[in-house]
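J.: Supplied in structure tokens, the structure appears directly below.
The values are calculated or read from the model by the stated rules, or taken from the named source; none is laboratory data. Keep in mind that what you see is a predicted model, and the values were worked out from it rather than measured. Here the Cβ positions follow ideal geometry from the backbone for every residue, glycine too, while neighbour counts run over all protein chains shown.
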Amino acid sequence: MAARNPLSSRPIISRIAGIGLLGAMAVAGAFAVHAAITPVAGEPATEIAASPAPTTKPSEPVSAPATLPAPVPAPVATPAPAPSPTPMPVADPTLAGPQPYIVRHILPIKGAMHHGDWYWDESGAPADGPILITVDLEAQVLSIFRGGWEIGTAVILYGADAKPTPLGTYPITQKDANHVSNIYTGAPMPYMLRLTDDGVSIHGSSVIDGYMTHGCIGVPIPFAKQLYGAVKVGDHVIVTRGKLIQPDAAAKDA
């Protein structure tokens, strides 16, 4: 659902301002968990009283013995057997940390994009591969990548009032081509892709300059239909503000 945004003053979105994502951001959203380690208290120190030095009397000189005792050979230490090497654990690929998503190609769109503009071109892109959607709120642009190739992009509406669009990485948790809002008086949300439990989603909308949403990401309805058909539940969406993708240099030269 869109509402008038009195703060909007950008009718033109530059592709240079870009596609929202740092090249090294990870898909599976990553949060570092730090465990606090409490040292174990040691045993209390024991005080030892100092004893006075003993008083000794001068001793009588002692004559050296006529013969010295035979030297006793030092015992030969028997080396302990070397411990068996402990096998190193094999890394489980399912537990590996987030990996960079390498962008290999972006759509060659000339000039600025306007509200309501969208492009879709799968020619040259791999038929299969990991899907990633990026959203840059500052550039007001959404892009979808498959196997590192950008196959679609569109100008968006986003939340700019008391319900701003949240930043972060979100898996798509639900798809509904004919969704109707149960929060905003039955407002249509065609080709809905749910991102959060409190209702933030990507869906078809009239993308008009000067309007905003209540936190959702609105895209032109024809583009929303293409996007809906290209993704599945579990694919990730990364929402940033002003982060830019840098295509992989090796991929550009390939």
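J.: Would you confirm, using the coordinates I've provided, whether D117 is over 18 Å from Q226 (Cα atoms), of a type in the set (D, E) and either at pLDDT 95 or above or out of contact with any Ser or Thr (no Cβ under 7 Å at 6 or more places or on another chain) (or both)?
T.: Numbers: over 18 Å from Q226 (Cα atoms): no; of a type in the set (D, E): yes; either at pLDDT 95 or above or out of contact with any Ser or Thr (no Cβ under 7 Å at 6 or more places or on another chain) (or both): yes.
Judged against the criteria, D117 is not a match.
J.: Quick one: what pairs do we get from segment 156-180, first residue surrounded by fewer than 19 Cβ atoms within 10 Å (Cβ to Cβ), second assigned to a loop (DSSP other than H, G, I, E, B) and among the polar types (S, T, N, Q), C-beta under 9 Å, 6+ apart or different chains?
T.: Matching pairs, first to second residue: D161/N5; P166/T196; T173/T196.
J.: Just the residues that are farther than 19 Å from S206 by Cβ and charged (D, E, K, R), please, taken from segment 123-162.
T.: Keep residues of segment 123-162 that are farther than 19 Å from S206 by Cβ, which gives 123-134, 136, 138-139, 143-151, 162.
Once the filter is applied, which keeps residues that are farther than 19 Å from S206 by Cβ and charged (D, E, K, R), segment 123-162 yields D128, D136, E138, R146, E150.
J.: Mind checking which residues of segment 206-254 are basic (K, R), over 16 Å from P171 (Cβ atoms) and modelled with pLDDT of 95 or more?
T.: Taking segment 206-254 and keeping what is basic (K, R), we get 225, 232, 241, 243, 252.
Checking the rest, the ones that are also over 16 Å from P171 (Cβ atoms) come to 225, 241, 243, 252.
Residue satisfying the conditions is K225 alone.
J.: Collect the residues in segment 203-222 that are under 17 Å from D161 (Cβ atoms) and assigned to a strand (DSSP E or B), keeping them in residue-number order.
T.: S205, Y211, M212, T213, I217, G218
J.: Looking only at residues that are acidic (D, E) and assigned to a loop (DSSP other than H, G, I, E, B) in segment 96-141, which one is surrounded by the most Cβ atoms within 10 Å (Cβ to Cβ)?
T.: Ranking the candidates gives D117 first.
J.: Which residues, taken from segment 159-176, are part of a loop (DSSP other than H, G, I, E, B) and within 18 Å of H236 (Cβ to Cβ)?
T.: Kept after step one, since they are part of a loop (DSSP other than H, G, I, E, B), are these residues of segment 159-176: 160-167, 172-173.
T165, P166, L167, I172, T173 - these are the residues of segment 159-176 that are part of a loop (DSSP other than H, G, I, E, B) and within 18 Å of H236 (Cβ to Cβ).
J.: When you check T185 against the structure, is it out of contact with any helix residue (DSSP H, G or I) (no Cβ under 8 Å at 6 or more places or on another chain) and surrounded by 14 or more Cβ atoms within 10 Å (Cβ to Cβ), yes or no?
T.: Criteria not met by T185.
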